[in-house]
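J.: One structure follows; several queries about it will come next.
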Amino acid sequence: MASTGTITLAFTGASGLPYGLRVLECLLAAEKRVYLIYSSAAQIVAKQELDMILPSQPAAASAELAERFHAKPGQLFVFGREDWFAPVASGSNVADAMAVCPCSMGTLGALAAGLASNLIGRAADVMLKERRPLVLVPRETPLSTIHLENMLRLSRAGAVILPPSPGFYGRPHDISDLIDFVVARILDHLDVPHRLGPRWGDERVAPPLVQRT
């Protein structure tokens, strides 16, 4: 399958914004065009978790994040939450894939109910109706019956439910390794090539050493 060209990425108000920013960094490094949307709650989380200010004005956010992650001109577009003229608001200009990372339980519930009351919800709703990849990264614990039922409903509708549950078989050295484990799985489901870490069983099928003659 050919890699995707345009990815919609949304940050919402759940804990776990370091995952979302790392996804953004990797998408830009892979030379994907990114449409970014984030909620007001995500701005609060950014300040709390990373002491980072996410600008409220899309133009300022585009410039700041493009500089931070070395985006090329025309590679990163930030859209306001009520920008109904954004490309992602219509199936006639749908992105190749979308990730909501992190995905709050409020956003998850709205998506499960089809409540496209803001651009994040509308963009995800478009992905589902157009049968395009939608990856949701919900961060909550424990999960209530309502949370689980919402996830099941979205899974049946075609979304990938990908909780940020890092594995330890790669023997992570620090938090960045744990983040990359989860981000690697997100990128896999967005069909974006990466080299964020070893894959299970790779050593069993490694190419043989070439003998020198």
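J.: Any residue at all in region 115-122 that is among the β-branched types (Val, Ile, Thr) and part of a loop (DSSP other than H, G, I, E, B)? Talk me through it step by step, then tell me what you get.
T.: First, pick out the residues of region 115-122 that are among the β-branched types (Val, Ile, Thr): 120.
If we keep only those that are part of a loop (DSSP other than H, G, I, E, B) too, we end up with none.
No, region 115-122 contains no residue that is among the β-branched types (Val, Ile, Thr) and part of a loop (DSSP other than H, G, I, E, B).
J.: Can I ask one more? Any residue at all in region 132-142 that's open to solvent by 40 Å² or more (accessible area, probe 1.4 Å) and in contact with a Leu (Cβ under 6 Å, 6 or more places away or on another chain)? Working first, answer last.
T.: We begin by selecting, within region 132-142, every residue open to solvent by 40 Å² or more (accessible area, probe 1.4 Å); these are 132-133, 139-142.
Then drop every residue that is not in contact with a Leu (Cβ under 6 Å, 6 or more places away or on another chain), which leaves none.
For region 132-142, residues open to solvent by 40 Å² or more (accessible area, probe 1.4 Å) and in contact with a Leu (Cβ under 6 Å, 6 or more places away or on another chain): absent.
J.: Report yes if some residue within region 29-44 is free of Cβ contacts under 8 Å to residues at least 40 places away in the same chain, out of contact with any His (no Cβ under 9 Å at 6 or more places or on another chain), part of a helix (DSSP H, G or I) and of a type in the set (Val, Ile, Thr); otherwise report no.
T.: yes
For (1) out of contact with any Ser or Thr (no Cβ under 7 Å at 6 or more places or on another chain); (2) within 20 Å of residue 9 (Cβ to Cβ), each residue gets a yes or a no:
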| site | (1), (2) |
| --- | --- |
| 119 | yes, yes |
| 139 | no, yes |
| 146 | yes, no |
| 156 | yes, no |
| 161 | no, yes |
| 170 | yes, no |
| 177 | yes, no |
| 181 | yes, yes |
| 187 | yes, yes |
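J.: Take residue 148 and tell me if it is in contact (Cβ under 8 Å) with a residue 24 or more places away in the chain and either out of contact with any Leu (no Cβ under 8 Å at 6 or more places or on another chain) or outside any loop (DSSP other than H, G, I, E, B) (or both).
T.: Details: in contact (Cβ under 8 Å) with a residue 24 or more places away in the chain: no; either out of contact with any Leu (no Cβ under 8 Å at 6 or more places or on another chain) or outside any loop (DSSP other than H, G, I, E, B) (or both): yes.
Criteria not met by residue 148.
J.: Any residue that is assigned to a helix (DSSP H, G or I), touching a residue at least 24 places away in the same chain (Cβ under 8 Å) and open to solvent by 50 Å² or more (accessible area, probe 1.4 Å) - is there at least one of those in region 73-87?
T.: Of all residues in region 73-87, those assigned to a helix (DSSP H, G or I) come to 87.
Now restrict to residues that are touching a residue at least 24 places away in the same chain (Cβ under 8 Å): 87.
Then drop every residue that is not open to solvent by 50 Å² or more (accessible area, probe 1.4 Å), which leaves none.
Scanning region 73-87, I find no residue that is assigned to a helix (DSSP H, G or I), touching a residue at least 24 places away in the same chain (Cβ under 8 Å) and open to solvent by 50 Å² or more (accessible area, probe 1.4 Å), so the answer is no.
J.: Looking only at region 17-33, which residues are open to solvent by 30 Å² or more (accessible area, probe 1.4 Å), in contact with a strand residue (DSSP E or B) (Cβ under 7 Å, 6 or more places away or on another chain) and within 20 Å of residue 138 (Cα to Cα)? Working first, answer last.
T.: So the first thing to find is which residues in region 17-33 are open to solvent by 30 Å² or more (accessible area, probe 1.4 Å), and the list is 18-19, 22, 25, 29-31, 33.
Restricting the remaining residues to those that are in contact with a strand residue (DSSP E or B) (Cβ under 7 Å, 6 or more places away or on another chain) gives 19, 33.
If the condition is that a residue be open to solvent by 30 Å² or more (accessible area, probe 1.4 Å), in contact with a strand residue (DSSP E or B) (Cβ under 7 Å, 6 or more places away or on another chain) and within 20 Å of residue 138 (Cα to Cα), then 19 is the only one that fits.
J.: What number of residues in region 161-196 are within 22 Å of residue 7 (Cα to Cα) and part of a loop (DSSP other than H, G, I, E, B)? Reasoning before the result, please.
T.: Taking region 161-196 and keeping what is within 22 Å of residue 7 (Cα to Cα), we get 161-164, 179-196.
The next check asks that each one be part of a loop (DSSP other than H, G, I, E, B); those that pass are 162-164, 190-196.
Qualifying residue count, region 161-196: 10.
Yes or no, residue by residue, for (1) charged (D, E, K, R); (2) closer than 26 Å to residue 49 by Cα:
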| position | (1), (2) |
| --- | --- |
| 136 | no, yes |
| 155 | no, no |
| 161 | no, yes |
| 173 | no, yes |
| 180 | yes, yes |
| 187 | no, yes |
| 201 | no, no |
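The values are calculated or read from the model by the stated rules, or taken from the named source; none is laboratory data. All values reported here derive from a predicted model rather than from experimental measurement. Note that we place each Cβ from the backbone using ideal geometry, even for glycine, and neighbour counts take in every protein chain shown. For accessibility, only protein heavy atoms count, side chains too; no ligands or nucleic acids. Shrake-Rupley method; radii C 1.70, N 1.55, O 1.52, S 1.80 Å.
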